[in-house]
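To start, the structure itself, in structure tokens.
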């Protein structure tokens, strides 16, 4: 159950990062370097969080903490 909560937390953080990047992209003024840097930073966080989540899911599967179900 703990792994599921952690995965859900990562998904929420990823969606928050994506939303903040969208906000800064829409709000960006013409030629504003500060907002452009914020967009890049938010998308970089999203990529990093997604990568860590993927690795964590692979490790949890390998250790047997999560198991696939047959449908």
**Q.** Breaking point among (1) in contact (Cβ under 8 Å) with a residue 60 or more places away in the chain; (2) part of a helix (DSSP H, G or I), for residue 65
**A.** (2)
**Q.** Selection count, segment 60-70, where residues are over 13 Å from residue 2 (Cβ atoms) and either surrounded by 12 or more Cβ atoms within 10 Å (Cβ to Cβ) or in contact with a strand residue (DSSP E or B) (Cβ under 6 Å, 6 or more places away or on another chain) (or both)
**A.** 1
Q: Among the residues of segment 32-51, write down those that are more than 30 Å from residue 67 (Cα to Cα) and exposed (fewer than 11 other Cβ atoms within 10 Å of the Cβ).
A: 33, 34
Q: Test residue 29 against the stated conditions and say whether it is outside any helix (DSSP H, G or I) and either free of Cβ contacts under 8 Å to residues at least 24 places away in the same chain or surrounded by 13 or more Cβ atoms within 10 Å (Cβ to Cβ) (or both).
A: yes
Q | Out of 54, 23, 10, sole residue that is surrounded by 13 or more Cβ atoms within 10 Å (Cβ to Cβ) and free of Cβ contacts under 8 Å to residues at least 12 places away in the same chain | A | 23
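The numbers here are math on the coordinates, done by the rules we state, and not lab data. Bear in mind that the values here come from a model prediction, so they are computed numbers and not experimental data. Cβ coordinates were reconstructed from backbone atoms using ideal geometry, including for glycine residues, and neighbour counts include every protein chain displayed.
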